[in-house]
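Have a look at the structure below, then the notes.
The values are calculated or read from the model by the stated rules, or taken from the named source; none is laboratory data. Bear in mind the structure is a predicted one, so any value in this text is a computation, not a measurement. Please note: Cβ atoms are built from the backbone with ideal geometry, for glycine as well, and neighbour counts cover all protein chains shown.
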Amino acid sequence: MEAMGPLYRDLRSRYGDEVEIHVVDPRNLFTIFALILRDARAHSLSVWKALRTLFRIPVTGVVVNGQLLARGRWPDFAELKEVLGDPKTTREEVAGGLA
């Protein structure tokens, strides 16, 4: 769990409130199921891909936009940046009140 801390901080630092981050206990299947289905609908994934993601999530896993990005490990921040792209606003704009 400690390995997730730097990843969480990097995501918050770069993307702020533009991303939703959910840390879910793997025993909480209802929440995991609901989040996967919600993301699948929001990102136009097929039911098959959503179910595939749901059944492949290990204890340590990262799901981005309804799809499993990393399984059994915490991904590097660079991997997440590649999938998420650039933030819509820069942190300086938010701090300056322009966003």
Selection within the range 54-72 - under 24 Å from Gly5 (Cβ atoms) and within 14 Å of the chain's Cα centre (by Cα): Ile57, Thr60, Gly61, Val62, Val63, Val64, Asn65, Gln67, Leu68, Leu69, Ala70, Arg71
Take Tyr15 and tell me if it is touching a Pro at 6+ places or on another chain (Cβ under 8 Å) and of a type in the set (Ser, Thr, Tyr). yes
Tally of residues being hydrophobic (A, V, I, L, M, F, W, C), within 22 Å of Gly5 (Cα to Cα) and surrounded by fewer than 11 Cβ atoms within 10 Å (Cβ to Cβ) across the range 22-53: 1
Single condition Gln67 does not satisfy, out of (1) surrounded by 14 or more Cβ atoms within 10 Å (Cβ to Cβ); (2) among the polar types (S, T, N, Q); (3) farther than 19 Å from Glu79 by Cβ: (3)
Kindly list, by first and then second residue, each pair from a residue in the range 22-41 that is in contact (Cβ under 8 Å) with a residue 24 or more places away in the chain and under 12 Å from Val63 (Cβ atoms) to a residue that is among the polar types (S, T, N, Q) and surrounded by 11 or more Cβ atoms within 10 Å (Cβ to Cβ), limited to pairs with Cβ atoms under 6 Å and residues at least 6 apart or on different chains. Ile36/Thr53; Asp39/Asn65
In the range 7-30, which residue that is more than 14 Å from the chain's Cα centre (by Cα) and part of a helix (DSSP H, G or I) is modelled with the lowest pLDDT? Leu29
